[in-house]
Each structure stands twice: as structure tokens, then as C-alpha cells.
Amino acid sequence: PRQNFTLFGSYQFDSGFGVKTDLWLRSPCIANDHGSVRVPSEYNVNVGIFYARPSWTVALDFQNVTNERNFAGAATLLEPFNVQARYTYRF
């Protein structure tokens, strides 16, 4: 694509709770050498909540919240809406 825009934001309160979001936008592009396969404009929105302490973090991520069927390359589509839970422990 000729244009690609990415935005990420995160905010953590003093209590350790936080919210985050990311967004990306892409302009249309040509997916093969002959120009016969054109991928339309695409976008994706992810949001999440988390609780962080000095030695561990718990997060819940909501990915592709608009459930867009974007092209991810190699003739596959971006994952549909899904929820991912993570626990991170730091030594």
C-alpha cells in the first residue's frame, strides 16, 4: 500500500488498571505482479484492559473488534473478532 497509518494509545491509572487501543489503516494495493488482484482499503481496531503490578500483569485483549475480513497475505484473511487473555510474570 502507498499509505499506512498506525495509532497506539495506552493509559494506566495509579491503581494499576489500564486501557489500551490500537488502530491501523491501509490504502488499497495490488497483490500480484500482473495487477489483476487488488486489495481494497483495510482497517483494524483492537482494544484491551489490563492490571499491572511490578512483578506481574494480567491483560484481556479484544482483537479485531469490528470483525473486518482484511487480507493478511498468502491468500488468508485476518483473524475474526477474538478475545485473548494473558498473564505475564517477571523475575
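Only the coordinates and a few stated rules stand behind these numbers; no lab work does. All values reported here derive from a predicted model rather than from experimental measurement. Methodologically, a virtual Cβ is constructed for each residue, glycine included, from the backbone with ideal geometry; neighbour enumeration extends over all protein chains shown.
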Phi-based couplings in Hz for the range 81-91 (Karplus 6.51, -1.76, 1.60; Gly and Pro marked x): 3, 8, 10, 10, 9, 9, 10, 10, 10, 10, 7
- prompt: By how many nm would the segment from residue 71 to residue 55 grow when fully extended, if each residue of separation counts as 0.36 nm and the alpha-carbon distance is taken off?
  reply: 2.0 nm
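Working out 0.36 nm times the residue gap between residue 22 and residue 5, then minus their Cα-Cα distance, what length gain in nm do you get to one decimal? Spell out each step's value before the answer.
On the way: separation 17, 0.36 × 17 = 6.12 nm, distance 1.07 nm.
Difference between extended and current length: 5.1 nm.
Counting only other residues whose beta carbon sits under 13 Å from that of residue 64, what net charge do I get with K and R as +1, D and E as -1? Present the calculation step by step, with values, prior to reporting the outcome.
Values: positive: 69; negative: 22, 42, 61, 68, 79.
Local net charge: -4.
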message: In the chain, once you exclude exposed trypsin sites (Lys or Arg not before Pro) (DSSP loop, at most 12 other Cβ within 10 angstrom), what's the longest stretch remaining?
response: 3-68
field: Answer label for volume of the Cα convex hull per residue in Å³ (calculated), chosen among (1) 107; (2) 117; (3) 88
entry: (2)
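Suppose every Lys and Arg Cβ carries +1 and every Asp and Glu Cβ carries -1, with no other charges. What dipole size does the chain come out with about its Cα centre, to the nearest 20 debye? Show your work: numbers first, answer last.
Working: 8 positive and 7 negative charges, 26 e Å.
The dipole magnitude comes to about 120 debye.
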query: Amide H of residue 29: which non-local residues (sequence gap of 5 or more, or other chain) have their own amide H closer than 5 Å, using H built in the peptide plane?
result: 39
- prompt: How many nm separate the modelled label positions at residue 47 and residue 87, each set 7 Å beyond the Cα in the direction of the Cβ?
  reply: 2.6
statement: In a Gaussian network model of the chain with springs linking alpha carbons closer than 10 Å, the residue among 22, 61, 33 that fluctuates most is 33
